[in-house]
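The values are calculated or read from the model by the stated rules, or taken from the named source; none is laboratory data. Keep in mind that what you see is a predicted model, and the values were worked out from it rather than measured. Note that we place each Cβ from the backbone using ideal geometry, even for glycine, and neighbour counts take in every protein chain shown. What goes into the accessible areas is simple: the full protein's heavy atoms, side chains included, and nothing from ligands, DNA or RNA. Shrake-Rupley method; radii C 1.70, N 1.55, O 1.52, S 1.80 Å.
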Amino acid sequence: MTRDQIKEHYADVVQCVFLAESVIKPTLQERMTAIGKDATPEQIEEVGHQYCLDIAEEILSRTPDEELEKLYGE
């Protein structure tokens, strides 16, 4: 891939992330409210990690398994 192709690829990934965030953002707000203002760094990190997993799941939910197989193999 050329540098421009890679740049386009990353731009597509970032756009997917923004679209997924718009769908799941209320979930993050609920989780942050649930752990409260006195949350430990570990709790905040766990919520952040789960948020990232939720974004990935939202992105993947729009991609057929056959396409994922072509892109990433088994």
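Whenever you get a sec, line up 37, 70 from highest to lowest accessible area (probe 1.4 Å, protein heavy atoms). Could you put the intermediate results ahead of the total?
On the way: 37 205, 70 175 Å².
So the residues, ranked largest to smallest area, are 37, 70.
Taking all protein chains as present, what is the carbon and sulfur share of the accessible area of the chain, in % to the nearest whole number, probe 1.4 Å?
56 percent
Helix-only estimate, please: 222 nm mean residue ellipticity of the chain, summing -39500 (n - 2.57) across DSSP H runs of length 4 or more and dividing by its residues, to the nearest 500.
That calculation yields -29000 deg cm²/dmol at 222 nm.
Measure nothing but the geometry: give the 0 to 90° angle between the long axis through the Cα atoms of 41-61 and the longest principal axis through the Cα atoms of the chain, rounded to 10°.
That works out to roughly 40 degrees.
If the only charges are +1 at each Lys and Arg Cβ and -1 at each Asp and Glu Cβ, what is the size of the charge dipole of the chain around the Cα centre, to the nearest 20 debye?
I would put it at about 360 debye.
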